[in-house]
Amino acid sequence: MNSLAARLDALRGSSPPVPHTAKTLAALTANPECDRRALLDAAGVDKDALAAHLNLPRPLRTSAIALDHGAAFERRVTAQDGAELVRLLRETLDLTLPEVSYEDVNAVGGREPSSLSLRHTHTCNLVLGAARDKTRARTLLNHPVLRLTVAGHPAYLEPDIVAFQHHETFHIVEIKSFPVIDGQADPAKAAAALTQAAAYVLALRELLTEGGLPPERVSNRVVLVNPRDFSHRPIATLADAAQKIKSLSRHLGRLRRLPDLLDQLPPSTTFDLAPDCEANPTRPREELAAALSAPRAHYSPGCLHHCELAHFCRNAARHQGRTEVLGTTVRDDVAGIDNIALALALTDGHQHPSRDRSDITQALRHSQRVHADFLAGMT
Ligand code: SF4
């Protein structure tokens with residue numbers, strides 16, 4: 001085991017690592033400047049277990065009903081060897097009739113976690129076989145398993161459907177159960193789907209590179225399949241994931257600077273919950289909170305939607321009176337002033353601004369006057 005892996009293991013402690021998914025990778029891009037999250041994710045720390053031990057409220061999980069609905073929609077789209085999906089892809093990717101062969105990777109090893117490596121090998125064989133042999137029918141893979149290197153560790157990713165080759169190019173196909181109404185999907189959900197698809201694109205590119213093939217054969221354009229309007233009928237759209245792919249690559253690259261982040265921690269820092277023989281955590285909460293406070297955080301209200309530790313970081317940011325608790329707009333508007341008390345002191349003249357803060361101080365004082373005029377107009 002190399003020393004980086006050993007240091008990350010020590011940070012995680014005695015629990016097994018939580019594997020990455022496309023969702024957790026997507027969350028990396030939601031707050032790329034947070035060292036705390038980068039370390040926790042790289043070490044595979046179970047953030048939900050930390051939050052539970054610290055008695056923190058956690059982000060709402062997808063309900064069982066929503067999960068069932070999503071699974072039913074996927075089954076509908078992929079039923080009968082993907083007949084409906086093939087029809088959609090013929091329209092979206094402009095395929096001609098003889099171009100499709102359908103393979104379900106689940107046929108090898110089932111969907112148990114222990115079969116991931118086997119299914120990954122099978123996926124590699126199918127993808128590389130299709131990529132090298134131009135005379136073969138174009139291949140549509142259901143339930144493939146891809147692998148992406150994250151912070152030096154392999155992470156297995158399981159797209160709903162992968163790779164479709166058209167004009168020697170692979171396309172990622174993602175099936176999502178949120179609707180497209182009048183041609184428009186919920187922008188936040190569509191962006192999240194594209195970020196997840198970006199992880200699959202990168203993983204598929206890694207597969208081709210390892211097979212000695214050009215990674216550019218995986219398209220930046222992904223196919224999203226959603227229910228149309230309020231029906232169960234699917235609609236497919238081609239979406240450009242280039243920006244998301246670039247952004248995710250950059251954030252994965254940042255994980256390579258883990259040794260620097262680890263060096264900044266006090267020696268022997270660990271997030272170990274010290275479970276007893278019945279798996280109940282025994283770590284004193286204050287001690288765990290102190291360890292969690294060691295890496296630099298970068299809280300923003302958006303954390304409440306994507307990170308299990310949001311309430312821990314929000315409490316700390318409030319305690320320190322940091323501007324980010326007022327939202328990213330305020331934080332960005334008063335960039336360079338990271339403390340609410342300082343902003344107020346500059347506004348009411350209790351503190352004289354340095355030269356580089358004179359513009360922002362004028363802006364704050366102007367806002368205060370507008371606010372005072374507004375209040376006066378209401379009386
Ligand atoms: S909640 Fe905390 S650890 Fe999670 S991303 Fe936000 S600042 Fe980082």
- Query: With all protein chains present, how much of the accessible area of the stretch 208-251 (probe radius 1.4 Å) comes from carbon and sulfur, to the nearest whole percent?
  - Reply: 53 percent
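State the Kirkwood hydrodynamic radius of the stretch 265-350 in Å, one decimal place, computed from all pairs of distinct Cα atoms.
Its Kirkwood hydrodynamic radius stands at 15.0 Å.
Mind pulling up the Rg/Rh value for the stretch 298-345? Radius of gyration and Kirkwood radius, both on Cα.
Result for the stretch 298-345 is an Rg/Rh of 0.98.
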- Query: Mean residue ellipticity at 222 nm from the helices of the chain, using -39,500 (n - 2.57) per DSSP H segment of n ≥ 4 over the full residue count, to the nearest 500 deg cm²/dmol?
  - Reply: -15000 deg cm²/dmol
- Å³ per residue of the Cα convex hull, for the stretch 1-109? 213 Å³
- Query: Fully extended, how many nm does the chain gain between Ser101 and Asp348 (0.36 nm per residue separation, minus their Cα-Cα distance)?
  - Reply: 81.8 nm
- So, in nm, how far is label Asp263 from label Val370 when the simple model puts each one 7 Å beyond its Cα toward the Cβ? 4.5 nm
- Message: Once ligands and nucleic acids are excluded and a 1.4 Å probe is used, how much of Lys176 is accessible, expressed in Å² to the nearest 10?
- Response: 40 Å²
- With Cα coordinates, the longest principal axis of the chain makes an angle with the long axis of helix 64-93, in degrees rounded to 10, of 50 degrees
- Relative to the longest principal axis of the chain, what angle (0 to 90°, nearest 10) does the C-alpha long axis of helix 116-132 take? 60 degrees
- For the residue pair Glu287 and Asp332, what label-to-label distance in nm results when each label sits 7 Å from Cα along the Cα-to-beta-carbon direction? 4.2 nm
- Convex hull over the Cα atoms of the stretch 334-378, averaged projected area in nm²? 3.2 nm²
- At R0 = 35 Å, FRET efficiency that the Cβ-Cβ distance of Thr169 and Ala363 yields, to 0.05: 0.10
- Query: Which whole-angstrom value gives the distance between the alpha carbon centres of the stretch 195-217 and the stretch 1-37?
  - Reply: 22 Å
- Query: Based on the alpha-carbon gyration tensor of the stretch 64-252, what equivalent-ellipsoid semi-axes (square roots of 5 times the eigenvalues) come out, in whole Å, largest first?
  - Reply: 24, 19, 17
- Message: Not counting ligands, DNA or RNA, and with a 1.4 Å probe, what is Ser15's accessible surface area in Å² rounded to the nearest 10?
- Response: 40 Å²
- Determine the equivalent ellipsoid of the chain by diagonalising the alpha-carbon gyration tensor, then write out the semi-axes as square roots of 5 times the eigenvalues, largest first, rounded to whole Å. 43, 28, 20
- Cα-based convex hull volume of the stretch 125-205 per residue, rounded to whole Å³: 109 Å³
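The values are calculated or read from the model by the stated rules, or taken from the named source; none is laboratory data. Computed from a predicted structure; not experimentally measured. Glycine also receives a Cβ, built like all others from the backbone with ideal geometry; neighbour counts cover every protein chain displayed. The area values use the complete protein model at the heavy-atom level, side chains included, leaving out ligands, DNA and RNA. Shrake-Rupley method; radii C 1.70, N 1.55, O 1.52, S 1.80 Å.
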